[in-house]
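Below is one structure, written out as structure tokens, with a few remarks after it.
The values are calculated or read from the model by the stated rules, or taken from the named source; none is laboratory data. It should be emphasised that the depicted structure is a prediction, and the values quoted were computed from it without experimental measurement. Ideal geometry is used to build each Cβ from the backbone, glycine not excepted, and the neighbour counts take in all protein chains shown. The protein model used for the area step is the full one, side chains on, heavy atoms only, and it has no ligands, DNA or RNA in it. Shrake-Rupley method; radii C 1.70, N 1.55, O 1.52, S 1.80 Å.
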Amino acid sequence: MSNWRRIPRTSDGHPTETNPPTDLAWFADAPTAAETWAYGYPMPGADERAARDWAATAQAVAETVGEATGVLVVGEGALARLVRLALPDATPGADAQPGVVVETTGTAVGVSGALAAVRPRGRVLLAARPLSTTMPLRTYHAIHRPGIRVLSVPWCGGGTGTAPEHLVTCALRHIPGMSGR
């Protein structure tokens, strides 16, 4: 099993929480973001378990996207990179709004940006757990009126998902550890 945490950071990129639980190895999504999220895994073997869970989550996103093309992935962290690698085509059309937008940051800015980017009657997939329990969004104008569907993709933690080995290998290289393992 894993544990999730919201990780606020200082302007120089250091976590404001200097003493995360030491019985777990923590893996953060975006090490330079003002705030990000992380999952913690028991040691030993934390790297492998983390890589498999993150890769399986990216694969689950790709499966949820299905045959859609011109998918936009919001975020620059490790999960966004893995999702882009799992998707066959993760770039929007030259002059069209994408029909599917995958949000990987969990921030209000990321979710609002995803809702603004998707075309009417499109889908926004929430691939990251929100960083806060509430999020101010313009529900009528941003979601209801254009008929946008907002779906969550559950985290594939604790061995609940499978992923191709190339995604696991990429995850092993790119998921930033926070615990100084």
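Overview of results
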{"item": "Any chance Leu125 is at pLDDT 90 or above, assigned to a strand (DSSP E or B) and open to solvent by 10 Å² or more (accessible area, probe 1.4 Å)", "result": "no"}
{"item": "Any hit, segment 132-143, residues being in contact with a strand residue (DSSP E or B) (Cβ under 8 Å, 6 or more places away or on another chain), among the polar types (S, T, N, Q) and exposed (fewer than 14 other Cβ atoms within 10 Å of the Cβ)", "result": "yes"}
{"item": "Residue match in segment 123-145 (condition: of a type in the set (D, E, K, R) and under 24 Å from Leu172 (Cα atoms))", "result": "yes"}
